[in-house]
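Structure first, then comments.
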Amino acid sequence: MNDRALFLDRDGIINEDFDYVYKIEDFQFKSEIFELCRIANQKGYLIFVITNQAGIARGFYSERDFLRLTNWMISEFEKQNCKIKRVYYSPYHPDVGDQKYKRNSSFRKPSPGMILKAQKRYSIDLTNSVLVGDQNTDVEAGVAAGIQKNFLLFNENKKNLTPHLKAICVKNLNEVIPFL
């Protein structure tokens with residue numbers, strides 16, 4: 001296991017979180033995301049997106065809608081000389097949805113399933129990897145997976161968010177760069 005990874009949540013880290021974003025015209029990239037990813041790629045990090053997509057379970061959009069947006073997002077990263085290795089997503093929710101999506105899943109953060117799947121498939125050294133999220137559940141998934149450098153993009157206006165004891169709180173994505 002030699003590869004290090006940068007694990008990124010999507011909504012709130014890659015793009016502005018406008019609640020259940022699934023249309024290209026509603027997707028607004030965070031201003032520092034491309035610089036963070038370019039530098040991570042230059043330093044040899046593989047980049048993975050790990051995202052809960054409860055909007056699928058809730059019926060707000062389909063998996064097809066999500067995948068269409070994801071393919072567009074990846075192509076936009078490529079235009080900025082950034083390589084996203086893979087996007088992992090959890091369409092599940094424990095309390096809402098039909099039989100296909102209403103369930104507990106080890107892939108839904110705060111469970112570390114998406115991270116562990118990437119680790120197994122790509123031989124990732126999790127102790128030397130980095131996670132960036134904007135919810136405590138993101139950090140909890142990173143800690144549970146064994147990631148040592150977990151960053152919480154802290155926005156005081158965000159509801160139900162408190163600084164996490166096992167995370168480095170940052171106010172913007174550029175503050176993560178020195179830790180890569």
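The values are calculated or read from the model by the stated rules, or taken from the named source; none is laboratory data. These numbers were taken from a predicted model, which means no experiment stands behind them. Cβ sites come from the backbone with ideal geometry, for glycine too, and all protein chains shown count toward neighbours.
Can you pull out the residues in segment 110-137 that are in a loop (DSSP other than H, G, I, E, B) and in contact (Cβ under 8 Å) with a residue 60 or more places away in the chain?
Within segment 110-137, SER123, ASP125, SER129, ASP134, GLN135 meet the criteria.
What is the number of the single condition among (1) within 24 Å of CYS169 (Cβ to Cβ); (2) acidic (Asp, Glu); (3) part of a loop (DSSP other than H, G, I, E, B) that ASP95 does not meet?
Failed condition: (1).
Which of (1) within 16 Å of CYS37 (Cα to Cα); (2) outside any helix (DSSP H, G or I); (3) among the hydrophobic types (A, V, I, L, M, F, W, C) does ILE177 not meet, given it meets every other one?
Against the list (1) within 16 Å of CYS37 (Cα to Cα); (2) outside any helix (DSSP H, G or I); (3) among the hydrophobic types (A, V, I, L, M, F, W, C), ILE177 comes up short only on (2).
Spot the failing condition for PHE60; the list is (1) assigned to a loop (DSSP other than H, G, I, E, B); (2) within 22 Å of LEU153 (Cα to Cα); (3) aromatic (Phe, Trp, Tyr), and only one is missed.
Against the list (1) assigned to a loop (DSSP other than H, G, I, E, B); (2) within 22 Å of LEU153 (Cα to Cα); (3) aromatic (Phe, Trp, Tyr), PHE60 comes up short only on (2).
Please list, ordered by first then second residue, the pairs with beta carbon atoms under 7 Å, 6 or more apart or interchain, first in segment 81-97 and on the phi > 0 side of the Ramachandran plot, second basic (Lys, Arg).
Between residues of segment 81-97 that are on the phi > 0 side of the Ramachandran plot and residues that are basic (Lys, Arg), the close pairs are ASN81/ARG38; GLY97/ARG58.
Condition (residue is at pLDDT 95 or above and touching a Pro at 6+ places or on another chain (Cβ under 6 Å)) applied to segment 142-159: is it met by at least one residue?
Within segment 142-159, one or more residues are at pLDDT 95 or above and touching a Pro at 6+ places or on another chain (Cβ under 6 Å).
Given the criterion among the β-branched types (Val, Ile, Thr), touching a residue at least 40 places away in the same chain (Cβ under 8 Å) and surrounded by 18 or more Cβ atoms within 10 Å (Cβ to Cβ), identify the matching residue among ILE39, ILE33, ILE24.
Going through ILE39, ILE33, ILE24 in turn, the sole match is ILE33.
Could you check THR162 against (1) within 21 Å of MET114 (Cβ to Cβ); (2) modelled with pLDDT under 90; (3) of a type in the set (Val, Ile, Thr) and say which number it fails?
(1)
Does PHE66 fit the bill of being under 24 Å from PRO110 (Cα atoms), aromatic (Phe, Trp, Tyr), in a strand (DSSP E or B) and touching a residue at least 40 places away in the same chain (Cβ under 8 Å)?
no
If you check CYS37 against the conditions, is it part of a loop (DSSP other than H, G, I, E, B), under 25 Å from GLY142 (Cβ atoms) and of a type outside the set (A, V, I, L, M)?
no
From the list ASP65, ASP98, which one is charged (D, E, K, R) and surrounded by fewer than 12 Cβ atoms within 10 Å (Cβ to Cβ)?
Being charged (D, E, K, R) and surrounded by fewer than 12 Cβ atoms within 10 Å (Cβ to Cβ) holds for just one of ASP65, ASP98, which is ASP98.
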